[in-house]
Amino acid sequence: MEYIIGSVILVIILIITAFILRKKQYKEVDKLEEQKLDIQHRPVLEEMTKVKQLNMNGQTEALFEKWRESWTNIVDKQLAEVDSMLFDAEEYIDKFNFGQSRKVREKIAEELNKAEEHMNEILTELEELMGSDEKNREEIQIVEADHKEAASLLRNRRTQFGKTAEPIERKIQALEPKLDEYHQLTVEGNYLQARETVLYLTSEMNDIKLMMEAAPELADDLIDELPHELSELKDACREMGEQAYPIHHLALEENCLELENKLKEAEKHLVRLEFIEAEELRVEVQKKIDAAFTALEEEVNARTALPGKQDHVSKLLEASNSKNKELIREMDYVRQGYQLDQHDLDLPKDKENQLEKLSKEFEQQNKQLEKQLDPYSAVLKEIEKMESQLLIINEEHQKYASELEQLRSDELSAREQQEYQIKTVRDQEKIVDSANLPKIPEFWFLERKDIIRQIEALDSHLAERPMNMKAINQHTLTTEKMIETFSENTEEMIQAAAQAEKVIQYGNRYRSRHETVFIGLNEAELLFRNGDYQNALEQAAESIEKIEPGALRKIDSL
């Protein structure tokens, strides 16, 4: 019984599943039917009728017939076959033959895709044809206007175009048959071929416009301006040669011949309307002409500047030699009283050798200038180089003279410092005497003794011949630092003594009541009497702070 019930349930499930699958298959067929109807109802014929607005001849007529045949084939053949296959697919579904139905649907989808591709091709070509006519009409108007304007401009300003006028005119005239060809193709209905002609005409006309913009200036430069500048360059070379300028190093005769050939080559490019090549040569020739004029101008300026430079260098040499001799005498005199290092001893002689070498070079340059063998610019550079070297020597002379003079100043300064140092020590002694200290610490006497010995030692340095001023300056500096430390220590000692005395006096109020204060102050007084004022201060302060914290700040404010 259970077996029978289970079998019945299984059958019911299979039947339900089959009906669900069949319903799904029907939906797939419906989708294909919708796709077929979408293709069938597209307004292809309506779009094709727009072509009749054009000239139904030639290419247009052929295309129209091709599209009509293609669309008829799609509707009458491909879609008809699709209808038949849709019916077959439904029959297979009715019979629950889903596998066979799927194969038929795949074939239907393939046919519909082909039909849609063919339909899209028709619409695309149709749009291209209609668009070509519209674009052609717009662009041909621009081309014809530009063509007319170019011809008029060339006719009215022909002289401005020079040798480019005739080849440009030929290019303009060469477009006339193409313009006629466009109109003929349009009349014949060959709109796509006409489109190609319009594109060609537009490109050519744009090239002509660019040429006509560049031609006047380029022709003027290559035919008139640059040949004129080259002629002026030749005249300048000839005039400077007559004036005995040594300009052979510039090789201008060969350069001018080369530039003439380049101008001829550029002119050929110009006549052939090869403007890029012509412009490159124009730039090259212009740069070389400018460079040649710059070089000639440099020679003229050098010749003008040379007399003044020669005179200046001659005077500098004379002044430098005179100054060097003076410094040699000064050095010989100074070295008797002051020690000089080897550099200071050698410097005047080194400068003498350097000046002798510069004098020979200057004389050689003057001889070369008289022979007019070397370019003036080269001679000027050499003389300017000498001028710079002489100015450096002059600075070194001034520095050396200042250093020699400084030796005397340093000696006077050392003697003045010695007197000031002696006075400072005496002032410190007076300060200590007026402080009425019970005892002066031993360290103070030792510091004073060292300073006095240091001051007295300076006498022996100053008495040496020749004097070693570096050692004297160092000795003086050391003494200054010792006196500075001595003065600071003296001040600290007196301040510590005064403060210690105040703290001990303040602490006496606790001496009788506190044994620790009594003992501490006694020790502080002993240190005070022995001249150890800093330790006496610290001992007294420590004793009182234990009884009265903050007492030291209170004492400082009294």
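Values in this text are rule-based calculations from the coordinates and carry no lab data. Since we're looking at a predicted model, the values are computed, not measured. No Cβ is skipped: glycine too gets one built from the backbone with ideal geometry, and neighbour counts run over all protein chains shown.
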Amide H contacts of MET467 (H built 1.01 Å from N, under 5 Å, at least 5 apart or other chain) | TYR338, GLN339
Tell me, what HN-Hα J-couplings in whole Hz come from the Karplus equation 6.51 cos²θ - 1.76 cosθ + 1.60 at θ = phi - 60° for each residue of region 381-387, using x for Gly and Pro?
-> 4, 5, 5, 5, 5, 4, 4
Calculate the spin-label point distance for GLN342 paired with LYS315, positioning each point 7 Å from the Cα along the beta-carbon direction, and give it in nanometres.
-> 4.0 nm
Kindly write out, for region 423-428 in residue order, the coupling ³J(HN,Hα) from the Karplus curve 6.51 cos²θ - 1.76 cosθ + 1.60 (θ = phi - 60°), rounded to whole Hz, with x marking Gly and Pro.
-> 4, 4, 4, 5, 4, 5
Under 5 Å between amide H atoms, partner at least 5 residues away or on a different chain: which partners does ILE440 have, H built in plane at 1.01 Å?
-> none
Relative packing of 493-500, 457-464, which averages over residues the other C-beta atoms within 10 Å, highest first = 493-500, 457-464
Going residue by residue through region 443-458, the Karplus relation 6.51 cos²θ - 1.76 cosθ + 1.60 with θ = phi - 60° gives ³J(HN,Hα) values, rounded to whole Hz and with x marking Gly or Pro, of 4, 5, 5, 5, 4, 4, 4, 4, 5, 4, 5, 5, 5, 5, 5, 4
Ordering of 390-402, 513-525 by burial proxy (mean other Cβ atoms within 10 Å per residue, highest first) | 513-525, 390-402
Quote to one decimal, in nm, the extra length available between ALA457 and ALA498 on full extension: 0.36 nm per residue of separation minus the C-alpha distance between them.
-> 11.2 nm
